[in-house]
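Accompanying notes for the structure given below.
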Amino acid sequence: MFLKVLIVVLLIGVIISLFSGLVFLFKDTDREDSKRTLYALGVRVTLATALLLTIFYGFYTGQLRMGVNAPWHQASPAHSAPADPASAEKEG
């Protein structure tokens, strides 16, 4: 659970850094010596790298899995198939 919270926090940080860089870009167009946009880019790249590493770590350790908890992967009771095809042949 901590890993998923960390991923959401990093994603929000990337988005905030993206918009702060946009604000700095518009506010500092007349100032040639301002490096706030460059710093916002550096923060965004750092957060995005941390986000990707966290996601890769989650897949590597098995804390994150693709498609396991998705609602469309849950079998409905009316259409559920037996887990073992051999037992279905014996029953029918």
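Report, ordered by the first and then the second residue, all pairs with beta carbons closer than 6 Å, sequence separation of six or more or different chains, a first member in the range 1-18 that is of a type outside the set (Gly, Ala, Ser) and in a helix (DSSP H, G or I), and a second member that is at pLDDT below 95 and surrounded by 15 or more Cβ atoms within 10 Å (Cβ to Cβ).
Sorted first by the residue in the range 1-18, then by its partner, the pairs are Leu3/Gly58.
At pLDDT below 70 and either surrounded by 11 or more Cβ atoms within 10 Å (Cβ to Cβ) or not in a helix (DSSP H, G or I) (or both): is that true of Ala81 in this structure? Steps first, please.
Numbers: at pLDDT below 70: yes; either surrounded by 11 or more Cβ atoms within 10 Å (Cβ to Cβ) or not in a helix (DSSP H, G or I) (or both): yes.
The answer is yes for Ala81.
Would you confirm whether or not the range 30-51 contains a residue that is polar (S, T, N, Q), loosely packed, with under 11 Cβ neighbours inside 10 Å and either more than 10 Å from the chain's Cα centre (by Cα) or assigned to a helix (DSSP H, G or I) (or both)?
At the first step, the residues of the range 30-51 found to be polar (S, T, N, Q) are 34, 37, 46, 49.
Applying the additional criterion that residues be loosely packed, with under 11 Cβ neighbours inside 10 Å yields none.
No: the range 30-51 contains no residue that is polar (S, T, N, Q), loosely packed, with under 11 Cβ neighbours inside 10 Å and either more than 10 Å from the chain's Cα centre (by Cα) or assigned to a helix (DSSP H, G or I) (or both).
The values are calculated or read from the model by the stated rules, or taken from the named source; none is laboratory data. Treat the numbers as computed from the prediction; the structure is a model and nothing was measured. Heads up, the Cβs are rebuilt from the backbone with ideal geometry, glycines too, and the neighbour counts pull from every protein chain shown.
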